[in-house]
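S.K.: Dropping a structure here in structure tokens format, bear with me for questions.
The values are calculated or read from the model by the stated rules, or taken from the named source; none is laboratory data. The structure displayed is predicted, hence computed values, not measured ones. When we count neighbours, we look across all protein chains shown, and the Cβ atoms used for this are built from the backbone with ideal geometry, even at glycine. Please note that ligands, DNA and RNA were not included when accessible areas were found on the heavy atoms of the full protein model with its side chains. Shrake-Rupley method; radii C 1.70, N 1.55, O 1.52, S 1.80 Å.
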Amino acid sequence: MKMNVFRWEEEFSNKIEELEVPDNWDLHVDMNLVKQKTGLIYTQQTFGSFRCSHCARSWNSSKVSVLFIINLNNRMRRGTVKMRIFKQGCERCSSPEEMIPTVTSDNIERVVCNLVHKIQRKFYEVNDQYQDQKPKIYGLLEGLHNKERCEACRDGFCKQQMLSCAYEQNGEQRVYEQNSDQREYEQYWEQKEYKQDREQREYEQDREQREYEQNREQREYEQNREQRDSAAPAALSVMGLVVGVAAIALMYFANK
């Protein structure tokens, strides 16, 4: 059974456009994909159905592992996601062919939605408190997960995957909370500095007003003093004239 590659690529393009992710992003399926030294490794588990090509046995699994390796070329403004979905083999057959799972459209949508939000958080610092959607289970699950017939378990993905995802989500939540506390702390100090600046401005305005009032009173005092100083000589002159006239009058009457 071949994987419906077009459905995954189409859903990825739609979700990139819907969430308005910057740059140009493409998803490519590579069924031989392994961990690489470069790129962000992101894994998920979803629900899928299998059908053995030998005995036609069907089974369901909630541990269908999906590997993504994500890279962003900042200079070219182009992002690339390589994807691999892991196969499982039939428990009844002695040498079974490992089959590609059939994943429903709604579970493809959930996986891709989780992937695109991961891209936003890691490459664009979007802190939206998004929680990964869990897969929707269809039909019965038969017994425990068979690690020996699981391609992902052999490659070391199944065992650590769910813990890794939970750890990453908790870590991102802690980072978001730390950033939130930091923003609140910065806002507090900005508000405090603004209040101090406002009080300083009001103090300076009051001081300038007081200085202006003092200068005005000083100017009025000096103007009044100048007026008094200029009026004094005139008063003395008038007094002198009056005294002179009186002296002349006394001399006149004395001669009579």
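S.K.: Restricting to segment 69-114, what's the tally of residues that are hydrophobic (A, V, I, L, M, F, W, C), crowded, with 16+ Cβ neighbours inside 10 Å and in a loop (DSSP other than H, G, I, E, B)?
M.R.: Of segment 69-114, the ones hydrophobic (A, V, I, L, M, F, W, C) are 69-70, 72, 76, 81, 83, 85-86, 90, 93, 99-100, 103, 108, 111-113.
Now drop any that are not crowded, with 16+ Cβ neighbours inside 10 Å, which leaves 69-70, 72, 81, 83, 85-86, 90, 99-100, 103, 108, 111-113.
Narrowing the set further to residues that are in a loop (DSSP other than H, G, I, E, B) leaves 86, 90, 100, 103.
Of the residues in segment 69-114, 4 are hydrophobic (A, V, I, L, M, F, W, C), crowded, with 16+ Cβ neighbours inside 10 Å and in a loop (DSSP other than H, G, I, E, B).
S.K.: Need the failing condition index for GLN161 against (1) modelled with pLDDT under 65; (2) within 30 Å of MET99 (Cβ to Cβ); (3) open to solvent by 50 Å² or more (accessible area, probe 1.4 Å), just the number.
M.R.: (3)
S.K.: Starting from segment 55-79, take each residue that is on the phi > 0 side of the Ramachandran plot and list its partners that are among the polar types (S, T, N, Q) and open to solvent by 60 Å² or more (accessible area, probe 1.4 Å), counting only C-beta distances under 9 angstrom and pairs at least six apart or across chains.
M.R.: If the second residue must be among the polar types (S, T, N, Q) and open to solvent by 60 Å² or more (accessible area, probe 1.4 Å), the pairs left are ARG77/ASN24.
S.K.: So which residues in segment 115-126 are part of a helix (DSSP H, G or I) and open to solvent by 80 Å² or more (accessible area, probe 1.4 Å), if there are any at all? Step through it out loud before you land on a result.
M.R.: First, pick out the residues of segment 115-126 that are part of a helix (DSSP H, G or I): 115-124.
Across segment 115-126, the qualifying residue is only LYS122.
S.K.: With of a type in the set (Gly, Ala, Ser), exposed (fewer than 15 other Cβ atoms within 10 Å of the Cβ), in contact with a strand residue (DSSP E or B) (Cβ under 8 Å, 6 or more places away or on another chain) and part of a helix (DSSP H, G or I) as the only criterion, which of SER13, SER53 stands out? Show your work before the answer.
M.R.: Values: SER53 fails: part of a helix (DSSP H, G or I).
After applying the criteria, what remains is SER13.
S.K.: Name the residues in segment 127-158 that are part of a loop (DSSP other than H, G, I, E, B), closer than 25 Å to GLN36 by Cα and either open to solvent by less than 50 Å² (accessible area, probe 1.4 Å) or hydroxyl-bearing (Ser, Thr, Tyr) (or both), would you? Before you say what the answer is, go through the steps one by one.
M.R.: At the first step, the residues of segment 127-158 found to be part of a loop (DSSP other than H, G, I, E, B) are 127-146, 155-157.
Next cut, closer than 25 Å to GLN36 by Cα only: 132, 155-157.
Matches in segment 127-158: ASP132, GLY156, PHE157.
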